[in-house]
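All of the numbers you see were taken from the coordinates with simple rules; none came from a lab. Computed from a predicted structure; not experimentally measured. Note that each Cβ is placed from the backbone with ideal geometry, even for glycine, and that neighbours are counted across all protein chains shown.
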Amino acid sequence: DAGVIQSPRHEVTEMGQEVTLRCKPISGHDYLFWYRQTMMRGLELLIYFNNNVPIDDSGMPEDRFSAKMPNASFSTLKIQPSEPRDSAVYFCASSRAGLNQPQHFGDGTRLSIL
Amino acid sequence: AQSVTQLDSHVSVSEGTPVLLRCNYSSSYSPSLFWYVQHPNKGLQLLLKYTSAATLVKGINGFEAEFKKSETSFHLTKPSAHMSDAAEYFCVVTLGGGTSYGKLTFGQGTILTVHP
C-alpha cells in the first residue's frame, strides 16, 4: 500500500519567496494533518482537515501560512512570503475516522529559507 | 487536559541488551496511547498502540509496551536491542471525551543510541 506522499522532499529558497508543500494522503483516510517539526518546539500541529474541510487551524503561526484540500487525494500548505524562521521539517499525516485510529506520516519536506 | 512525559531524553544501550524507554501520561479520559519511531530524515512510523484492550501490547520489530493505569505509565521495551533500533521514539496520547478523531499530544522524544 502506498503511504502518505509528500513533495518536495527538500526545498531551499530565499526569504520572501512563496513556498508550496504538497501532500497525497492514504486513499480512504478521512483526516489529513499538517505538522511542523523543529528542534526548539518539537512537533506542532498546524491544521487538520476532515473530509476536505478545514476543522482547526489554530496552530497556523500567522497569516503567511495557508492550507487547502481541494479533493480527497491532495492538500497543499503554502507560505507567502517565507521567512528564515519558517525553516523546519513539515509533515503531512492522514488517518481514518475514529478516536483510536493511528495517524500515518509522510517522510516530510525539509524546508530551508535563506 | 492531557499530557505525556518521556522521562529520558537520551538512552544508550549496547547491542543485544534490553531497551526500556519510559513514558508517563495524564488524561481526563480513558486514553489511547501510541509509540512512534522516527529514523533520521524519515517520518514517524507507528510501533504499537493501546486502545483499552489488552494491557500488554505487542508491536513491530520486537517492541512491546505495558499500560499501567495505577502508575499512569506506558513504557516501551525490547528484550534485545539491534543497531537498526537507533532512532528517536515518541510516546503519544490522544484526546478523549467525544471527539471523532485522536488529536495527538506528543512527548518530547527519547533518542535511543545502540552501541556495537
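The table for this structure:
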read-out: Two-site FRET efficiency, B:Thr77 against B:Ser30, from Cβ-Cβ distance with R₀ of 25 Å, rounded to 0.05; value: 0.65
read-out: Taking N as its residue count, the alpha carbon Rg of the range A:1-67 over 2.2 N^0.38 Å; value: 1.21
read-out: Over chain B, relative contact order from alpha-carbon pairs under 8 Å, at least 6 apart, %; value: 37 percent
read-out: Inter-probe distance in nm under a simple model that places probes 7 Å from Cα toward Cβ, at B:Leu20 and A:Asn52; value: 5.1 nm
read-out: Amide H within-cut-off set for B:Phe67, under 5 Å, with H built and near neighbours excluded; value: B:Leu56, B:Val57
read-out: Interchain or long-range residues, amide H under 5 Å from A:Asp107's placed H; value: A:Gln6, B:Gly43
read-out: At 1.002 mPa s and 20 °C, Stokes D of the range B:1-85 from Kirkwood alpha-carbon radius, µm² per second; value: 157 µm²/s
read-out: Choice from B:Gly59, B:Gly16, B:Gly43 showing the highest fluctuation, given a GNM over chain B with Cα pairs closer than 10 Å; value: B:Gly43
read-out: Chain A: projected area of the alpha-carbon convex hull, averaged over directions, in nm²; value: 6.8 nm²
read-out: Karplus-derived HN-Hα couplings along the range B:106-116 (A = 6.51, B = -1.76, C = 1.60, θ = phi - 60°), whole Hz, x at Gly and Pro; value: 8, x, 6, x, 10, 8, 9, 10, 10, 9, x
read-out: Filtered GluC sites (Glu not before Pro), the range B:1-86: DSSP coil and at most 12 other beta carbons within 10 Å; value: B:Glu71
read-out: Trypsin sites (Lys or Arg not before Pro) within the range A:1-44: DSSP coil, no more than 15 neighbouring Cβ in 10 Å; value: A:Arg9, A:Arg41
read-out: The protein assembly as shown pair-distance distribution - Cα-Cα, 5 Å bins, rounded %; value: 1, 7, 14, 18, 18, 16, 13, 8, 4, 1, 0
